[in-house]
Amino acid sequence: MSQTVNQGVRWTTADLELLPDNGTRYEIINGELFMSRSPHLNHQRTCGNMYRKLQDWSEETGLGEAFINPGIIFTEADNVEPDVIWISKEKLAVLVDEAGHLTGAPELVVEVLSSGVQNERRDREAKLKLYSVRGVQEYWIVDWRSSKIEVYRRSNAALQLIVTLFSNDEISSPLLPNFSCLVSNFF
């Protein structure tokens, strides 16, 4: 469940410090505050499975690292917590601040859809635009209910939908040499 709190106020990262630490996830996109509760267990299972596959590949190759729910502070008005990311060792070495947050775009961002119009709008529109503008190279929108993944890749300075994959398809990426996984293994 998600809701937007925007009563003509432009929220900033500093405002997050004033909000209660009660298990609610707070994200700011273009000054708009999004709040959401803990997602469905199948959402969390999908995130964990994706993280595990990406991290296993990362440990085998030594090329980078996967993270679950990292904080990314692009600007004071753009502060998000994607479900899963993969970032190269080179970028990780320069994009982490003293508080342990990323300050720039990882190569790959994965968002697993939660139910609700607000959640879908956030992931399909607001976050797609934000990640596109901020330089994410690849964005996966994952729907665990229908067992599919929409893969967006950077083309002409923007993230473009290149393929929709279903359970029996294999996913791979030019960012992740020799990574391949049956989509159904994520669900």
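The values are calculated or read from the model by the stated rules, or taken from the named source; none is laboratory data. A quick note: this is a predicted structure, and the numbers were derived from the prediction, not measured. Neighbour counts run over all protein chains shown; Cβ positions are idealised from the backbone, glycine included. Ligands, DNA and RNA are stripped out before the accessible areas are found, and what is left, the full protein with its side chains, is counted by its heavy atoms. Shrake-Rupley method; radii C 1.70, N 1.55, O 1.52, S 1.80 Å.
What the table below lists for this structure:
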| item | result |
| --- | --- |
| Carbon + sulfur, % of accessible area of the chain - ligands and nucleic acids excluded, 1.4 Å | 48 |
| Helix axis angle, 41-61 relative to the chain longest principal axis, alpha carbon, degrees | 60 |
| Total lysine pairs under 23 Å (Cα atoms) in the chain, excluding pairs fewer than 8 apart on one chain | 7 |
| Which of M50, M35 is most accessible, then next, and so on - probe 1.4 Å | M35, M50 |
| 1.4 Å probe accessible area per residue over region 94-187, in Å² | 47 |
| Average Cα contact separation per residue, the chain, under 8 Å, 6 or more apart, as relative contact order % | 17 |
| Karplus-derived 3J(HN,Hα), 6.51/-1.76/1.60, for each residue of region 126-136, Hz, glycine and proline x | 5, 6, 4, 5, 4, 5, 5, 5, 8, x, 4 |
| Exposed trypsin sites (Lys or Arg not before Pro) absent: longest stretch of the chain, with sites in DSSP loops and at most 16 other Cβ within 10 Å deemed exposed | 38-144 |
| Long-range HN-HN contacts of S167 with modeled amide H, under 5 Å | none |
| Square roots of 5 times each gyration tensor eigenvalue, C-alpha, the chain, largest first, Å | 26, 19, 16 |
| Given 13 as the ceiling on other Cβ atoms within 10 Å, longest exposed-site-free region of the chain for GluC sites (Glu not before Pro) in DSSP loops | 99-187 |
| Assigned charges on the beta-carbon of Lys, Arg, Asp, Glu; region 1-109 dipole about Cα centre (debye) | 400 |
| Relative contact order for region 77-172, counting Cα pairs under 8 Å that sit 6 or more residues apart, in percent | 20 |
| Placed amide H near G64: partners under 5 Å, 5+ positions off or other chain | K89 |
| Area of L41 that stays accessible when all protein chains are in place (1.4 Å probe, Å², to 10) | 120 |
